[in-house]
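Shown next, in C-alpha cells, is the structure this report addresses.
Please treat every number below as a calculation from the coordinates, not as lab data. All values reported here derive from a predicted model rather than from experimental measurement. Neighbour counts run over all protein chains shown; Cβ positions are idealised from the backbone, glycine included.
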Amino acid sequence: MTDLTLIPILGDQLTRTLSSLRGQTKDGSVILMMEVWDEATYVKHHKQKIALIFSAMRHFAEELRADGWTVDYTRLDDPDNAGNFTGEIARAIERHDPAQIRVTEASEWRVLQAMEEWPDKFACPVTILPDDRFIASKSEFADWAEDRKALTMEHFYREMRKKTQLLMDGDKPEGGKWNYDADNREALEGALFVPPRPRFASDTITSEVLELVETRFPDHFGALTPFEWPVTREEALKAADAFFAERIEQFGPYQDAMVYGSDDLYHSMLSTSINIGLLDPIELCERAEIAYKQGKAPLNSVEGFIRQIIGWREYVRGFYWYFTPALAEANELEATRPLPEFFWTGQTDMRCLSDSIRSTHNNAHAHHIQRLMVLGNFCLLAGIDPGEVQDWFLAVYADAFEWVELPNVAGMILYADGGRLATKPYAASGNYINKMSDYCKECRYKVSVKTGEDACPFNPLYWHFMDRHRDRLKSNHRIGRIYANWDRMGEEKQSEYLQSAQKFLDTLEPASKGWARD
Ligand code: FAD
Ligand code: DLZ
Ligand code: SF4
C-alpha cells in the first residue's frame with residue numbers, strides 16, 4: 001500500500017476549495033474524476049447538460065494538472081470504463097493502491113447511498129466530508145425545521161440573512177423590510193432592450209465533448225448546439241461580471257416577466273455555474289450587495305437576487321435532505337395522468353407552453369416563472385403524475401440536480417408533499433400568464449374566453465382542479481374563499497367549466513416513447 005490519498009471529485013464538485021481537497025498535498029494525493037455511463041443515462045439528460053458537465057470536468061482536470069496536482073481522469077469512451085462511480089473507484093484502487101479515500105459528500109441522495117457503501121466495499125478507509133459550499137448544513141436545516149408546524153421559506157431566509165450578515169443593518173434588515181417581492185412583479189414590453197448575456201465559444205476540449213455527446217447520446221432530448229454555457233471558472237466569472245454590470249438593476253422588477261422568444265431577460269443565467277461549483281453562492285451575493293451599496297442596483301433587485309440564493313436555494317437543499325427519500329414518492333393529490341407528448345416535442349397550440357418548451361429544448365434552460373407558472377402550473381392543473389414530472393424537470397435543464405429539482409417539483413409546483421413547502425398550490429388560470437407576458441395576444445386560444453373550444457385551457461383546468469380537490473383545499477385559509485366564487489357560479493356554469501376541461505384533458509396524448517428513461 002502507498003501513502004497516497006485518493007480524492008474522487010464528482011461532476012458537480014468543480015470547486016478548488018472543495019472540502020476533500022482542503023489541507024491535502026499535491027504529491028500525497030491522486031484526484032480521480034470519472035465520466036460514467038450510469039450518471040449520464042439514469043435519466044436521459046438533455047444533450048447540453050451532459051456536454052456541460054463533461055466539458056467542465058475536463059477543463060477542471062486540466063486546471064488542476066496545470067497547478068501541479070495528479071489527476072486520474074476516466075473518459076466515457078475508455079474501453080475499460082466500469083460505467084458507474086463504485087466500479088471506477090475499485091479500478092482506481094487497483095491502479096494506485098491508496099492508503100485512504102477522501103471524498104466530499106454527493107449532493108444527491110442516490111449517489112450518497114452508493115458512496116456510503118464504499119467503506120464496506122473497499123479495503124482502505126473512506127472519509128466522507130460535508131459539502132460546506134452551502135450556507136446551511138443539513139443539520140442546521142433539520143434543527144430549524146424540527147417542531148415547526150410550517151416550514152415557511154421566509155423565516156428560514158431571515159435566519160440566513162442574520163447568519164451571513166448580507167443586507168443587514170445591525171440586527172435589522174437593510175431598508176427596514178426583509179422582503180421586497182411586492183416591488184418585483186412588473187410585466188415587460190417586448191420592445192425593451194435587454195443586454196444579451198455573454199456566450200462562450202467552444203475550444204478544443206468542448207468541441208471534442210460535443211462530438212462525443214452527439215455520437216453516444218443521439219436519442220437524448222434537446223439541441224446540442226449552439227452550446228454557449230460557461231465551462232470554466234474564468235468564463236463563469238465573465239458571465240457574472242456581465243450580470244452585475246448590465247442586468248442586476250432590472251432583475252427585481254422583471255423577475256416574473258415573460259416575453260415570447262426572449263429566453264434570458266434580466267435573469268442571471270448563473271445556476272449551471274453555481275450548481276457545478278464554478279461559482280460560489282456567497283461571492284455572488286456579496287457582489288450583489290456591493291452593487292447596491294455603490295448605487296448601481298436598487299434594493300428590490302439586490303434583495304430579490306440574494307433571497308433566491310441564500311433563501312430559496314439553501315431552503316430547497318435543506319428541505320430535500322430533510323424529506324428524502326420519501327419526497328420522491330409523495331403524491332398528496334393522487335395525480336396519475338401521464339406527461340403529454342408535447343412536453344418533449346413542443347407541439348401544442350398553447351403559446352406559453354410551446355415557447356417555454358422551445359427554450360427548454362434549444363437552451364436546456366427556461367426561466368423561473370416559465371418553470372413555475374407555465375410548465376408547473378399546467379402539470380398541477382392537469383394532474384400529471386409527479387414521478388413523470390420529476391423525470392422531465394431532471395432531464396431537460398442543464399442546472400438540474402435532484403437536490404434542487406425535486407423540492408421545486410414535488411413541493412413548489414405539484415403540492416405533492418401536501419403543502420410542506422408551499423402553503424397553497426400555485427394554481428392559476430390564464431389571467432396570470434396574460435398579466436405577466438405577451439404570450440396570449442397571438443395564441444390560438446383566447447385568454448378572455450372561459451369555456452368552449454376557443455377558451456384558454458388554463459381557465460377551465462383551473463376550476464377542474466379546484467373542484468376535484470375541494471375536500472383537501474377548502475380548509476386552507478389561503479384558498480378556501482375561492483370556493484365561494486365557484487359556488488356562486490351555479491350548476492350550469494360549473495358544468496360548462498368541468499366539461500370543457502375534461503374535453504381538453506381527453507385530447508392529451510401521452511409520450512409515445514421513453515424520452516426520460518429507457
Ligand atoms: P435567476 O433568476 O438569476 O436567480 C438567481 C439564482 O437563484 C439562480 O441561479 C438559482 O441558483 C437561485 N434560485 C432561484 N430560484 C430558485 C429556486 N426556486 N430553487 C433553488 N434555487 C433558486 N434551479 C436549479 O438550479 N436547478 C433545478 O433543477 C431547478 N428546477 C426547478 C424546477 C421548477 C419546477 C421550478 C419552479 C424551479 C426550478 N429551479 C431550479 C429554480 C429556478 O427556476 C432556476 O434556478 C433559475 O431559473 C435558474 O436561472 P438563473 O440562474 O437565471 O436564475
Ligand atoms: C449529471 C452528471 C452526468 C451527466 N455525468 C456525470 C459524470 O459522468 N460524472 C460525474 O462525476 N458526474 C456526472 N453527473 C453529475 C452526477 O449525476 C450527480 O449529480 C453528482 O454526482 C451529485 O450527486
Ligand atoms: Fe397560454 Fe392561455 Fe395565454 Fe394561450 S391564452 S398563451 S394557452 S395562457
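Stick to the Cα atoms of region 5-129, pair each with every other, and give me the Kirkwood hydrodynamic radius in Å at one decimal. Don't skip to the answer; put the middle values down first.
Details: mean 1/r = 0.0679 Å⁻¹.
For region 5-129, the Kirkwood estimate is 14.7 Å.
Cα convex hull of region 238-348: how many Å³ per residue?
Numbers: hull volume 18.0 nm³, N = 111.
Per residue, the Cα convex hull of region 238-348 comes to 162 Å³.
Restricting to the chain, what percent of DSSP beta bridges are antiparallel, rounded to 5? Intermediate values should be presented prior to the final figure.
Working: 4 of 21 bridges.
Among the beta bridges of the chain, antiparallel pairing accounts for roughly 20 percent.
For region 165-266, max minus min Cα coordinate along each principal axis, in Å, sorted largest first?
Largest first, region 165-266 extends 55, 33, 24 Å along its Cα principal axes.
Taking a temperature of 10 °C and a viscosity of 1.306 mPa s, what whole-number D in µm²/s does Stokes-Einstein yield for region 74-223 with Rh from Kirkwood over alpha carbon pairs? Could you put the intermediate results ahead of the total?
Numbers: Rh = 21.5 Å.
The calculation lands on 74 µm²/s.
Can you tell me the relative contact order of the chain? Whole percent, Cα pairs under 8 Å, sequence separation 6 or more. Intermediate values should be presented prior to the final figure.
Details: 825 pairs, mean separation 88.1, N = 518.
Relative contact order comes out at 17 percent.
Report the relative contact order of region 35-95, percent, no decimals, based on alpha-carbon pairs under 8 angstrom and at least 6 residues apart.
Values: 29 pairs, mean separation 29.4, N = 61.
Relative contact order for region 35-95 comes out at 48 percent.
Stokes-Einstein diffusion coefficient for region 342-505 at 20 °C in a medium of 1.002 mPa s, Rh from the Kirkwood formula over Cα pairs: what value in µm²/s?
Numbers: Rh = 16.3 Å.
Estimated diffusion coefficient is 131 µm²/s.
Relative contact order, percent, of region 5-129 when contacts are C-alpha pairs under 8 Å separated by at least 6 residues? Please report the intermediate quantities before stating the final value.
Details: 155 pairs, mean separation 41.4, N = 125.
Relative contact order for region 5-129 comes out at 33 percent.
Show the residues, 5+ positions off or on another chain, whose built amide H is closer than 5 Å to the amide H of Asp72.
For Asp72, whose amide H was placed from the backbone, the distant partners under 5 Å are Ile31, Leu32, Met33.
Per the Debye formula with a single identical scatterer at each Cα and no solvent contribution, what log10 I(q)/I(0) holds for region 71-120 at q = 0.16, 0.22, 0.32 Å⁻¹?
-0.51, -0.94, -1.33
Kindly state, as a whole number, the per residue volume in cubic angstrom of the convex hull around the alpha carbon atoms of the chain.
Working: hull volume 79.4 nm³, N = 518.
Output value, Cα hull per residue: 153 Å³.
Between region 72-95 and region 426-484, what is the C-alpha centre distance in whole Å?
51
Tell me, in nm to one decimal, what length is gained between Glu214 and Ser448 on full extension, where the rule is 0.36 nm per residue of separation less the Cα-Cα distance?
79.8 nm
Please compute the net charge surrounding Thr17, taking Lys and Arg as +1 and Asp and Glu as -1 over other residues with Cβ under 12 Å from its Cβ. Intermediate results must be reported in sequence, preceding the final value.
Numbers: positive: Arg16, Arg22, Arg133, Arg233; negative: Asp131, Asp132, Asp280, Glu283.
So the surrounding residues net to 0.
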